[in-house]
Amino acid sequence: MARRKYVVGNWKMNGLTAALGEAQAIFDAAKAHPAVDVALCPPFTLIGPMLAAAPGAAVGGQDCHSAVSGAYTGSVAAAMLADIGATLVIVGHSERREGFGESDADVKAKAEAALAAGLSVILCVGEPREVRESGGAIDYVLAQVAGSLPADFDASRLAIAYEPIWAIGTGLVPTVDDVAAMHGAIRAKLGERAGSGAAGTMRILYGGSVNAENAAELLGAGDVDGALVGGASLTAVKFVPIIAAGAGL
Ligand code: PEP
């Protein structure tokens, strides 16, 4: 089964209401590329306003708590995201794993909570530079996948984002061969859990310094089904060409 390309913007901790015009421009332009699924994950504060500005758009969170509710000051539950109209959530981003000490078990619990709340999940994995340089990247990432995957999952609502940490926000990108090898290995690992048929339908995104110039090459690599984009997703002028590159493949 052909997998639809999926291009997702992670706005991180960027964006005030004045930025909603960019989101509107992105979702408007995306209509010209119906073969590509496009989503934006703004800060929690902008999810509702973004949906009001772009009704029907795919808008999601960048994280959620694994509990349904309770005394977790500052946190947001998956059901709260769904309640305001979000349809997806990113879990396990390296900035959460590194900056907030999130383990594979934490990420697994968040992914399970998100699926239970009816959200789609983008589960991030990726190796640090020293692991890449030592030649252990594939083993490292596959261990993250194994440790972070929900116990049970609906393959149609779970995507993996391979994001080498050293490529995020640095302008550095792996070779296309390295990306293809990693994505192929992730798909094989997914097959061990979901069966090769279901794994063949799951989308594996690449993330890390994707831009208008390198998008076609990266999105064209074997087993790459889209992109998770940080910096270049903040403006229509930078993000729409990435969507268009996905459409051209
Ligand atoms: C990200 O944070 O998910 C990311 C890929 O960032 P950037 O595109 O800026 O490297």
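The values are calculated or read from the model by the stated rules, or taken from the named source; none is laboratory data. Note that the coordinates shown come from a computational prediction; the quantities given were computed from them, not determined experimentally. Please note: Cβ atoms are built from the backbone with ideal geometry, for glycine as well, and neighbour counts cover all protein chains shown. When the accessible area is computed, the model is the full protein with side chains, heavy atoms only, and any ligands, DNA or RNA have been set aside. Shrake-Rupley method; radii C 1.70, N 1.55, O 1.52, S 1.80 Å.
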When the label point is put 7 Å from the Cα of residue 151 along its Cα-to-beta-carbon vector, which residues of the stretch 103-128 have a backbone N closer than 18 Å?
-> 104-118
Under 19 Å from residue 108, Cα to Cα: lysines that are on another chain or at least 8 residues apart | 189
Given q = 0.07, 0.11, 0.12 Å⁻¹, what are the Debye log10 I(q)/I(0) values for the chain, with equal point scatterers placed on the Cα positions and solvent ignored?
-> -0.20, -0.51, -0.62
Two-site label geometry, residue 100 and residue 32: point separation in nm, points 7 Å out along Cα→Cβ = 3.6
In whole Hz, what ³J(HN,Hα) sequence does the stretch 125-131 give by Karplus (6.51, -1.76, 1.60; θ = phi - 60°), x for Gly and Pro?
-> 9, x, 9, x, 4, 5, 6
At a Cα cut-off below 17 Å, give the lysines reachable from residue 31, other chains included and same-chain residues fewer than 8 away excluded.
-> 5, 238
Give the share of C-alpha pairs in each 10 angstrom bin for the stretch 53-123, from 0 to the last occupied bin, in whole percents, shortest bins first.
-> 22, 54, 21, 3
With a/c under 1.5 counting as rounded, go ahead and sort the stretch 157-198 into rounded, prolate or oblate using the C-alpha gyration tensor (a ≥ b ≥ c being the square roots of the eigenvalues; past the cut-off, prolate if a/b is larger than b/c, else oblate).
-> prolate
Apportionment of accessible area to carbon and sulfur, the chain, percent (1.4 Å) | 56
Plugging the Cβ-Cβ distance of residue 69 and residue 176 into 1/(1 + (r/R0)^6) at R0 = 35 Å yields, to the nearest 0.05, a FRET efficiency of 0.20
Taking only the alpha-carbon positions of the stretch 160-247 as identical scatterers, the Debye log10 I(q)/I(0) at q = 0.13, 0.14, 0.18, 0.24 Å⁻¹ comes out as -0.40, -0.46, -0.73, -1.13
